[in-house]
Amino acid sequence: MSLQQQNVFREKHVDLNSIKELPDSYTWSSVDSCPSSNSSEPVPVINLEDPNAMKHVGHACKTWGVFQVTNHGIPTSLLNSMEASGRKLFSLPFQQKLKAARLPDGVSGYGVARISSFFPKLMWSEGFTLVDSPHHHAQKLWPQGSGNFCDVIEEYKKEMNKLANKVMWLILGSLGIKKEDIKWGEIKEACAALQLNSYPSCPDPDRAMGLAAHTDSTLLTILHQNNTSGLQAHREGVGWVTVEPIEGALVVNIGDLVQILSNGLYSSVLHRAMVNRTQHRLSIAYLYGPPSNVRIAPLSKLTDNVNIPPLYRAVTWSEYLGTKAKHFNKALSFVSLCAPTSVFVDGNDNNKSNKSVLVG
Ligand SMILES: O=C(O)CCC(=O)C(=O)O
Ligand SMILES: [Fe+2]
């Protein structure tokens, strides 16, 4: 990073652990105007070894757009090691983390939430995005050697890829889609990124926002949250519902690309992360998408051009990320083939960024 880039970066990046009182720039009035719902119905929990798992996945996609999975096959030891690696990274001194800072026009590296530019207020979180190999960043963070950090990341990505592929086929299967119906076939060659989020304890959590409301620009996202609640999903007619952490379970969010593929039968889930006064929260999101050159369009089996016309035009993942980076929570309506549908936009939706936004 050049000196000038470093200065610009420092103006935006603050060591949240050193702040004792919530500054005005971090004070959100919209947190109060969108309170959490008291609904007692929890987000569905699906045992992937249940013979009816596909049916349950279909129902959860139709009603919530988010669910938790158990018996998912990811070893607990790997989840623990990944969490420890995340902690090790975020507990580095602030100046050290800045050495692996995301470049102004880049995607990977350390920095504020990538959706920050769409909101007038700052979020109480720090993030680390890994798109390719982690080695380059690890060398900057730990010049003396990063221990098993890179091995854990690589192993985690490999295992998550298998799980994401399996869940993707449960989702497609629940729509009646078979392998031969997918022209781009092997979603095994999918692209993915890892997003590590850290939410330090906050002096005034009721007025702060960890990560503002957004949908993920993925096919699906698999999220591991440490034993600290904070993730909330928005359900039509109900409001914000907390996705309570369950030991060993993983959260699956339906992303915008499944909304396109399913021709709107399954909607991506609007979600956000809240913070708390005493605990440091950590989450690790595996962002799963198709190979970047594949055009994603409503599956022909789900449309008939007469009664059920395709609702979206075909887009590649990278094209969609560009649209999202410009129009944020309105992006789906920009690839829509019919009149714009109602979209939820929280905060300032003026486009100030031309970066890729993998989330939000
Ligand atoms: O921290 C969380 O629970 C949510 C993270 C998230 O939504 C994301 O990284 O896209
Ligand atoms: Fe997200």
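The values are calculated or read from the model by the stated rules, or taken from the named source; none is laboratory data. Model, not experiment: these values are computed from the prediction. For neighbour counting, all protein chains shown are included, and Cβ atoms are generated from backbone atoms with ideal geometry for every residue, glycine included. Accessible surface is based on the protein model in full, side chains and every heavy atom, while ligands, DNA and RNA are left aside. Shrake-Rupley method; radii C 1.70, N 1.55, O 1.52, S 1.80 Å.
Things to note:
- Among the residues making up the stretch 191-207, those that are open to solvent by 10 Å² or more (accessible area, probe 1.4 Å) and not polar (S, T, N, Q) are CYS191, ALA192, PRO203, ASP204, PRO205, ASP206, ARG207.
- Index of the failed condition, THR278 passing every other in (1) assigned to a loop (DSSP other than H, G, I, E, B); (2) within 16 Å of ligand 2 (Cβ to nearest atom); (3) among the β-branched types (Val, Ile, Thr): (2)
- Restricting the stretch 109-122 to residues that are outside any helix (DSSP H, G or I) and out of contact with any Phe, Trp or Tyr (no Cβ under 8 Å at 6 or more places or on another chain) leaves a set whose member that is farthest from ligand 2 (Cβ to nearest atom) is PRO120.
Conditions (1) out of contact with any Gly (no Cβ under 7 Å at 6 or more places or on another chain); (2) of a type in the set (D, E, K, R); (3) crowded, with 17+ Cβ neighbours inside 10 Å, marked per residue:
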{"residue": "VAL57", "(1), (2), (3)": "yes, no, yes"}
{"residue": "CYS61", "(1), (2), (3)": "yes, no, yes"}
{"residue": "THR70", "(1), (2), (3)": "no, no, no"}
{"residue": "SER77", "(1), (2), (3)": "yes, no, no"}
{"residue": "ASN80", "(1), (2), (3)": "yes, no, no"}
{"residue": "ARG87", "(1), (2), (3)": "yes, yes, no"}
{"residue": "LYS97", "(1), (2), (3)": "yes, yes, yes"}
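- Residue within the stretch 237-251 that is more than 16 Å from ligand 1 (Cβ to nearest atom) and touching a Pro at 6+ places or on another chain (Cβ under 9 Å) present: yes
- Any chance GLY210 is away from ligand 2 (no atom under 16 Å from the Cβ) and either among the small types (Gly, Ala, Ser) or under 13 Å from the mean Cα position of the chain (by Cα) (or both): no
- Residues satisfying the stated conditions in the stretch 30-44, i.e. modelled with pLDDT of 85 or more and either over 23 Å from the mean Cα position of the chain (by Cα) or open to solvent by 70 Å² or more (accessible area, probe 1.4 Å) (or both): GLU41, PRO42
- Only residues that are at pLDDT 95 or above and more than 16 Å from ALA192 (Cα to Cα) were counted across the stretch 112-135, and they come to 6.
- Failed item, numbered, when ASN226 is tested on (1) within 11 Å of ligand 2 (Cβ to nearest atom); (2) in contact with a Leu (Cβ under 8 Å, 6 or more places away or on another chain): (1)
- Of all residues making up the stretch 208-223, the number that are open to solvent by 10 Å² or more (accessible area, probe 1.4 Å) and either more than 9 Å from ligand 1 (Cβ to nearest atom) or of a type in the set (S, T, N, Q) (or both): 1
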